[in-house]
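Note sheet for the following structure.
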Amino acid sequence: MKETLSYLYPYLRKYRWKYIAGIIFLLFTNTFRILNPKVVQIAIDYLKDSFDLQRLGFYAALVVVVAVFEGIFLFLMRKSIIVASREFEYYLRNEFFAKLLSLPISFYQKIPTGDIMARAANDLNAVRALTGPGIAYSINTLFAFFFVIPMMISISPRLTLLAMLPFPVIALLVNRFGKAIYRRFERIQAQFSVLSNIAQENLAGNSIVKWFTREEYEIERFREASREHMRRNIDHAKVHAAFHPSIMLSVGVSTAVI
């Protein structure tokens, strides 16, 4: 996994300014995100004694303004990082295609066409997801952690400690589920390659299939490959479906403890 990511570094440098701009916008997004509950807190505290409706209206307007600025910076972040990931994918696809054109015929005699198609389709989409939402949400989580935890400690160190108790369990779940999901995704990609190769062989060699009356055999072969692809997808979906409820259960325990 580490070697795969290191291969992407030269390409990421090409769009580094968009990623840097996106990170700066993320910083502002989280700043306004933590300001909103603070404004609400001040407004609620203000309601304890006699209050003026005009002052209360000011706090309500301030909540709206803060939310608007949060939305603007969130949009700018996505416009920077997500657009950069799309351009990254476009550039990588051109590089991939140019490389295919430069390879000798012997390469295509050894490597199945389906494997090449799988890499050109699903694999590059996965790279785009990693360099776009993957980076954006990871950095956003990191910023949120460093912004929110100090605010929580300033309100109540004891409650913060209680809220953080399930976090080691969450870290363990993310590690275990992440590895399991990654392994199953690789198995899906491998089977997609097999499926694509069978389809390509039958389309390219349909005359030969007809000459030797192998239609039923090829149909059954494709059907079995499709079933295996479906089984692997279901296996992946089961693990993925168990991941989010497990995380939410741990978060719920944290809330219940508080």
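The values are calculated or read from the model by the stated rules, or taken from the named source; none is laboratory data. Given the structure is predicted, the values throughout are model-derived calculations rather than measurements. Don't worry about glycine lacking a Cβ; one is built from the backbone with ideal geometry, like all the others, and counts go over all protein chains shown. Keep in mind that these areas ignore ligands, DNA and RNA; they rest on the heavy atoms of the full protein, side chains included. Shrake-Rupley method; radii C 1.70, N 1.55, O 1.52, S 1.80 Å.
Tabulated values for the structure
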read-out	value
Value at 222 nm in deg cm²/dmol, rounded to 500, when DSSP H runs of n ≥ 4 in the chain each add -39,500 (n - 2.57)	-30500 deg cm²/dmol
Cβ-placed point charges (K, R +1; D, E -1), dipole of the chain about Cα centre in debye, nearest 20	400
Accessible area of the range 1-112 divided out per residue, in Å², using a probe of 1.4 angstrom	70
√(5λ) per eigenvalue of the Cα gyration tensor, the chain, largest first, Å	50, 23, 17
The range 121-226: C-alpha gyration tensor shape, a/c 1.5 cut-off, then a/b vs b/c	prolate
Value of D in µm² per second that Stokes-Einstein yields for the range 6-124, Kirkwood Rh from Cα pairs, at 25 °C (0.890 mPa s)	133
Where only alpha carbons of the range 19-76 are counted, the Rg and the Dmax (Å)	14.0, 48
Rounded percent of accessible protein surface that carbon and sulfur make up, the chain, 1.4 Å probe	69
Order by protection proxy (mean Cβ within 10 Å, highest first), peptides 198-206, 73-81	73-81, 198-206
Solvent-accessible area per residue for the range 130-224 (1.4 angstrom probe, square angstrom)	67
Whole-number D in µm²/s for the range 8-48 (Stokes-Einstein; Kirkwood sum over Cα pairs; 20 °C, 1.002 mPa s)	170
